[in-house]
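**Q** The structure's right below; bear with me while I get my questions together.
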4 protein chains.
Amino acid sequence: MFFASDNSGPAHPTVMQALADVNTGYMPSYGADLVMQRVKARLRDIFEAPNAEIRLVATGTAANALALATMTQPFETVFCSPVAHIHEDECNAPEFYMGGAKLTLVGDGDRIAPDALRRAIKAEGNRGVHGPQRGPLSITTVTERGTVYSVAEIETLCGIAAQYGLPVHLDGARFANAMEALGCTPAEMTWKAGVDAVSFGGTKNGCMGVEAVIFFDPDKAWEFELRRKRGGHLFSKHRYLSAQMEAYLADDLWRDLAQTANARAAYLEKGLHSIGAGFLWPREANMIFATLPRRAHQRLHDAGAMYHLWDGELDGPQDDALGCRLVCDWSITEAQIDRFIEIAKG
Amino acid sequence: MFFASDNSGPAHPTVMQALADVNTGYMPSYGADLVMQRVKARLRDIFEAPNAEIRLVATGTAANALALATMTQPFETVFCSPVAHIHEDECNAPEFYMGGAKLTLVGDGDRIAPDALRRAIKAEGNRGVHGPQRGPLSITTVTERGTVYSVAEIETLCGIAAQYGLPVHLDGARFANAMEALGCTPAEMTWKAGVDAVSFGGTKNGCMGVEAVIFFDPDKAWEFELRRKRGGHLFSKHRYLSAQMEAYLADDLWRDLAQTANARAAYLEKGLHSIGAGFLWPREANMIFATLPRRAHQRLHDAGAMYHLWDGELDGPQDDALGCRLVCDWSITEAQIDRFIEIAKG
Amino acid sequence: MFFASDNSGPAHPTVMQALADVNTGYMPSYGADLVMQRVKARLRDIFEAPNAEIRLVATGTAANALALATMTQPFETVFCSPVAHIHEDECNAPEFYMGGAKLTLVGDGDRIAPDALRRAIKAEGNRGVHGPQRGPLSITTVTERGTVYSVAEIETLCGIAAQYGLPVHLDGARFANAMEALGCTPAEMTWKAGVDAVSFGGTKNGCMGVEAVIFFDPDKAWEFELRRKRGGHLFSKHRYLSAQMEAYLADDLWRDLAQTANARAAYLEKGLHSIGAGFLWPREANMIFATLPRRAHQRLHDAGAMYHLWDGELDGPQDDALGCRLVCDWSITEAQIDRFIEIAKG
Amino acid sequence: MFFASDNSGPAHPTVMQALADVNTGYMPSYGADLVMQRVKARLRDIFEAPNAEIRLVATGTAANALALATMTQPFETVFCSPVAHIHEDECNAPEFYMGGAKLTLVGDGDRIAPDALRRAIKAEGNRGVHGPQRGPLSITTVTERGTVYSVAEIETLCGIAAQYGLPVHLDGARFANAMEALGCTPAEMTWKAGVDAVSFGGTKNGCMGVEAVIFFDPDKAWEFELRRKRGGHLFSKHRYLSAQMEAYLADDLWRDLAQTANARAAYLEKGLHSIGAGFLWPREANMIFATLPRRAHQRLHDAGAMYHLWDGELDGPQDDALGCRLVCDWSITEAQIDRFIEIAKG
């Protein structure tokens, strides 16, 4: 009963097999492996973006921080949600990689509203040389609250950024889960809507540790490459990143795993509904923010269920509702979910 | 015939098997996996350092830059060789992670001589607030020229650093190869000689991508951990770093692989001697810097042999000697070496 | 009629005379001038802090950013008001000097409330290595909204910071104005209340360009000195900073000028009251945030009055109230204020 | 007898008078003062560069570090002399402002030789993404050894840089002294020779503390302006920087003072010759590197003469020659020099 994160489960066997398969003989280092050539071609095809440039790194924080550093001057500020991973969960990595640029927090959490973005951009622009200059917009989907921007919402936000000449970064640590939730194409979610660069996640969706950074403007690639090396994120034995990504993309594995994860979350949601749980945000992909009586959490905890409580602790009145975050990865089974619900029910 | 680098060969099957074995069920993320606990215990045992703190990263550049950043203030300078990997091959990663500290280049290449170190440290100390302040000494062994510091040499350099209160970092991307060349213990090469922190390499010696950073003063570990996260080098699915390192250390695999690599290099050296090659530096571990007539390089190139020319190009007078760097990893076979020599001989 | 800022007026003649007086013969450079020795002694005396260490810089941004950089690790976050000068008006200087640390914005503007500070500190502490670590509290008084923290308020905020082991920085660009408003001693406003470091402003209160950074813990001084040099803020002809500060402190000039500026603001406040102006925040020192009908602003503008409109523009309904910021420095005369009111009245 | 530096003397009375003159009434802050408009026009005229953009800062380190930061990416390296002020005397300020870029040291000191520059640029270009990328050339004239690049030498070096597409920065802390030594125009020494940006010093030549940074490509100015603000180097009461520079440029004061300083150094050189001193480098502007018997230094020291010994200490064999650096500013008198020589003679 592991619902703590989609990074606590195993990698998919197909990905592991690809690692074993690529482990023969000699290959050029540092990204010059032939596997990487195939990965590039495949991602360009998937994104309908024949000129896109793609680089691989091993962590989501590296993908985000390096992409933003390539898009942002140190005297600028990035517009993002106050609950964005880049703000709350990367220990100042974006600020570090951007050389001391700032993050401007827009809205109250969840998806950024167009009006809030407009106000924030306007507010940052009225101080001349004294205030930070306007930099990129960075959005996350699936958001850190489990919701998903519609394509129209992405288009609207990108349109606002474009009015001010600002580029757009998309943190897609759960890209596949968002896309499957929307039923759209990768291109519709990104460059067709106005996104300039994507952190395209693999780690949370069945890989061991690999993320692709995609620039639809290929001119950014060389600077990114230098920043990646300078950040210590260029792998000498790069074939092992390439092989993961190749296996992930082959035969729509990435989409299948995301569909499974989303479906499991829907199944869990149904179970939670059936026992009268509350919901802090709507379930739209593979994350659920639910409330249960504290005594239910206690029972689950005693039974070894793993997940994060949300804004509260086990100690307290047993009948009071207490929030929690439940994440389903591709590997969680319906049987585990059934057991979770059974214990929660009491 | 791959002699380009010890990072172009495959990972050892035992390491790959460990990845497959660890790929079951759920595990806490971000270094809290139980495998990491065993890795720490094992490294403490191997280094006879029960209080040492250990963290894993995936690249050597990350290990070096993060270790140095933890040891260096941004207004200081690190003393290192002009051919040090941290100076020549990390695209300013140390300067980036150290927040703009400097590297002071000592000597002319190969091992740092005690007198040169003394002069360099003295020279950096005579400007008060105007010049950079003295920071750590960083040495590499196996050096970037294939030679190995004796334990006595390490002791001498650390002693000089200690006279000035400066800590010492050891870039051990090829730690095992150096240690096997010397026939000493890990402790003798490091803390017993005065080394404070070690980048302990796995990637070049049979792993897929893992390096341990070892601090003999455990008080440094928390700052390192924060810097690792801030650098995007904390793996969510950390078990796959731990498992590599565990397999690498088990049953002396790390030592066996280094012995094999060194032995293959000795075998190659013998072959080169037999055909009248010259040597730019003595072969002491698994790297050889040799000279061959340009026509021999041409033949090898035509036959598909992979290695770096040293200070020159294929075009030119065919009888002239031209340098090259040849690196043996654990996987290179005597048959491949025989063929290399045969072709070189012509 | 210059109310744009207390940095648009002239320096006090006494300060200018001191510059002329010190301009004879040769003096040691870089802070080793004897004048600086006297400045240190005088500030230690004024602050009843015999061990305090003091350094001079020429701008308030330098004072703040260097002080914070000395107190903050790059993986930490500084707690400050969302309208703090360090956040809104220094073009990311603190982030730059701190090596990419973050600012956490507390409250809604004006003075930081104790509860808001407690909540903010708690919220930053629940993510382990993933979130930024808690760093210093930085408060500004006179605040950017013209209000002044009482000594008790400073004590309370410092007490909260102390509970979490966090140091406190005070941005005292208008230190003298705040102190005169409170009628307390420098010590009461600072170290006795729990403040660790102060940016003690001279520029806005009659100097040409000089700020003192005061560390009550003298151990911080050497690091500050190196950071000052590294920031390009160590003056070779340092005597001209020292002489300004010496003149500023002599015969209570600094207090007299602040009293004058505050009194002029009170006089202006009275005039504004008399013509029915509104007030956005209470006038407590030398800054006023008032509202006047747009037609009054238009008349003032046409007459050449200089000040900042607040959250609005001249164009619009002429009867509507529109905010403005009015700052009095020591040099503004009652006659100028009378004229301002007369024109505003219409 | 102050020969320690041209920053230990007083400012010229004309400059001080200008400060007094500008100290009346109110002026826009942050560089919007009218005086600055006149300074810009004057410098464009002097440099025959009607499109040049000019900004003022208060220290030479700020001028150099900010100019280089505007010209250099953090993954690049700046080519400079091993004795360059930016390398030896700025406590890592360039590295700090450039975000961790490197300095590549070219040659053995004094002026950079064309061949050495070519070799250095070539050597930095052979590592692809692994090594630092080639960045600007930075030259200093008057050099830190008192010598002066000829116009032809500057042209040659700039030509080499241009072959590789690298911009050129000139550290002109002693610009006027160099120009007067050459007898050329400002344009000949700079943009006509291929220089892109100049740190044009005032502080060492009669000002209190002001340097102009001149970009011949005006597109760089806005980025520089943001970096200046972010570095805390934008003065609120900017008129006092403008006034110094205006007085410095008016009526060729800057040239007169440099001629005087150079002439005094020539007079001192003659005196030193007359008593048999040796010379470490030829005297070409206002700095002399001479050798005298240690007993002469002892006598001078006892008589209160102030200057830096060069590579040695007073203690030692009294007959041995010991080097020293002697700098003449505009204010040193022939009488002081006569006395110096007399004492040195013994």
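The values are calculated or read from the model by the stated rules, or taken from the named source; none is laboratory data. Since the model is a prediction, treat every value here as computed from it, not as a measurement. Quick reminder, even Gly has a Cβ in these numbers, built from the backbone with ideal geometry, and neighbours come from all protein chains shown.
**Q** Return the residues of the stretch C:236-271 that are touching a strand residue (DSSP E or B) at 6+ places or on another chain (Cβ under 8 Å) and part of a loop (DSSP other than H, G, I, E, B); say none if nothing qualifies.
**A** Passing the criteria: only C:His238.
**Q** Continuing with the same structure: Looking at the stretch C:189-207, which of its residues are surrounded by 24 or more Cβ atoms within 10 Å (Cβ to Cβ) and among the aliphatic types (A, V, I, L, M)?
**A** Across the stretch C:189-207, the qualifying residues are C:Met189, C:Val195, C:Ala197, C:Val198.
**Q** Then there is this: Contact list please: Cβ distance under 7 Å, first residue in the stretch C:7-27 and more than 7 Å from every other protein chain (Cβ to nearest Cβ), second residue buried (at least 22 other Cβ atoms within 10 Å of the Cβ) and of a type in the set (S, T, N, Q), pairs at least six apart or on different chains.
**A** C:Val15/C:Gln244; C:Ala18/C:Gln244
**Q** Could you run through the stretch C:11-26 and say how many residues are over 13 Å from C:Ala247 (Cβ atoms) and either touching a Ser or Thr at 6+ places or on another chain (Cβ under 6 Å) or outside any loop (DSSP other than H, G, I, E, B) (or both)?
**A** 1
**Q** If you don't mind, there's one more thing I want to ask. Please determine, by comparing only the residues of the stretch A:78-122 that are assigned to a helix (DSSP H, G or I) and within 18 Å of the chain's Cα centre (by Cα), which one is nearest to C:Pro74 (Cα to Cα).
**A** Checked the stretch A:78-122; the qualifying residue nearest to C:Pro74 (Cα to Cα) is A:Ala93.
**Q** Which one of B:Ala152, B:Ala161, B:Ala178 is part of a helix (DSSP H, G or I), out of contact with any Phe, Trp or Tyr (no Cβ under 7 Å at 6 or more places or on another chain) and either free of Cβ contacts under 8 Å to residues at least 24 places away in the same chain or not assigned by TED's automatic domain parsing to the domain that holds B:Arg228 (or both)?
**A** B:Ala152 is the lone residue from the list that is part of a helix (DSSP H, G or I), out of contact with any Phe, Trp or Tyr (no Cβ under 7 Å at 6 or more places or on another chain) and either free of Cβ contacts under 8 Å to residues at least 24 places away in the same chain or not assigned by TED's automatic domain parsing to the domain that holds B:Arg228 (or both).
**Q** Same structure, new question: Mind checking which residues of the stretch B:134-143 are touching a Gly at 6+ places or on another chain (Cβ under 9 Å) and crowded, with 24+ Cβ neighbours inside 10 Å?
**A** B:Thr140, B:Thr141, B:Val142, B:Thr143
**Q** Further question: Being among the polar types (S, T, N, Q) and under 30 Å from A:Ala65 (Cα atoms) is the requirement here; does B:Thr141 meet it?
**A** Taking the combined requirement at face value, the residue does not satisfy it.
**Q** Moving on to the next point. Please work out if D:Gln318 is closer than 13 Å to D:Phe2 by Cβ and touching a residue at least 24 places away in the same chain (Cβ under 8 Å).
**A** no
**Q** Go through the stretch A:283-310 and give me each residue that's assigned to a loop (DSSP other than H, G, I, E, B) and either under 15 Å from A:Ala321 (Cβ atoms) or charged (D, E, K, R) (or both).
**A** Result: A:Arg283, A:Glu284.
**Q** Now for a different question. Of the numbered conditions (1) surrounded by fewer than 24 Cβ atoms within 10 Å (Cβ to Cβ); (2) closer than 16 Å to B:Phe47 by Cα, B:His169 fails exactly one; give the number of that condition.
**A** (1)
**Q** Still on this structure, please answer the following. Out of the residues in the stretch D:44-76 that are free of Cβ contacts under 8 Å to residues at least 60 places away in the same chain and in a loop (DSSP other than H, G, I, E, B), which is farthest from the other protein chains (Cβ to nearest Cβ)?
**A** D:Pro50
**Q** While we're on this one: Quick one: B:Asp45 ticks every box in (1) within 23 Å of B:Val195 (Cα to Cα); (2) touching a helix residue (DSSP H, G or I) at 6+ places or on another chain (Cβ under 7 Å) bar one, so which box is it?
**A** Status for B:Asp45: all satisfied but (2).
**Q** Which one is farthest from the chain's Cα centre (by Cα) among residues in the stretch A:208-224 that are within 14 Å of chain B (Cβ to nearest Cβ) and buried (at least 20 other Cβ atoms within 10 Å of the Cβ)?
**A** The qualifying residue farthest from the chain's Cα centre (by Cα) is A:Phe224.
**Q** Right, next: Determine whether B:Arg227 is in a helix (DSSP H, G or I), in contact (Cβ under 8 Å) with a residue 40 or more places away in the chain and within 14 Å of chain A (Cβ to nearest Cβ).
**A** So B:Arg227 fits the description; yes.
**Q** Looking at the stretch A:123-152, which of its residues are under 20 Å from D:Leu226 (Cα atoms) and either among the hydrophobic types (A, V, I, L, M, F, W, C) or under 15 Å from the mean Cα position of the chain (by Cα) (or both)?
**A** The answer is A:Ala123, A:Val129.
**Q** A follow-up question, please. Search the stretch C:30-44 for residues being out of contact with any Ser or Thr (no Cβ under 7 Å at 6 or more places or on another chain) and under 30 Å from C:Asn286 (Cα atoms), and hand back the single one that is surrounded by the fewest Cβ atoms within 10 Å (Cβ to Cβ).
**A** So, considering only residues that are out of contact with any Ser or Thr (no Cβ under 7 Å at 6 or more places or on another chain) and under 30 Å from C:Asn286 (Cα atoms), the one surrounded by the fewest Cβ atoms within 10 Å (Cβ to Cβ) is C:Ala41.
**Q** Tell me which residues, restricted to the stretch B:116-129, are buried (at least 16 other Cβ atoms within 10 Å of the Cβ) and either within 10 Å of chain D (Cβ to nearest Cβ) or at positive phi (or both).
**A** Result: B:Glu124, B:Val129.
**Q** Based on this model, can you work out whether B:Phe2 counts as surrounded by 21 or more Cβ atoms within 10 Å (Cβ to Cβ), within 9 Å of chain A (Cβ to nearest Cβ), within 30 Å of D:Lys122 (Cα to Cα) and in contact (Cβ under 8 Å) with a residue 60 or more places away in the chain?
**A** Yes.
**Q** Another question, if that's okay. Kindly check whether there is at least one residue in the stretch B:18-29 that is modelled with pLDDT of 95 or more and surrounded by fewer than 20 Cβ atoms within 10 Å (Cβ to Cβ).
**A** yes
**Q** Looking at A:Leu280, A:Leu249, A:Leu272, which one is closer than 26 Å to A:Gly346 by Cβ and under 21 Å from the mean Cα position of the chain (by Cα)?
**A** A:Leu280
**Q** Kindly list, by first and then second residue, each pair from a residue in the stretch A:286-301 that is on the phi > 0 side of the Ramachandran plot to a residue that is among the basic types (Lys, Arg) and not in a strand (DSSP E or B), limited to pairs with Cβ atoms under 6 Å and residues at least 6 apart or on different chains.
**A** Filtered contacts from the stretch A:286-301: no entries.
**Q** So, in the stretch A:123-141, exactly how many residues are out of contact with any strand residue (DSSP E or B) (no Cβ under 9 Å at 6 or more places or on another chain) and either acidic (Asp, Glu) or in a strand (DSSP E or B) (or both)?
**A** Within the stretch A:123-141, residues that are out of contact with any strand residue (DSSP E or B) (no Cβ under 9 Å at 6 or more places or on another chain) and either acidic (Asp, Glu) or in a strand (DSSP E or B) (or both) number 0.
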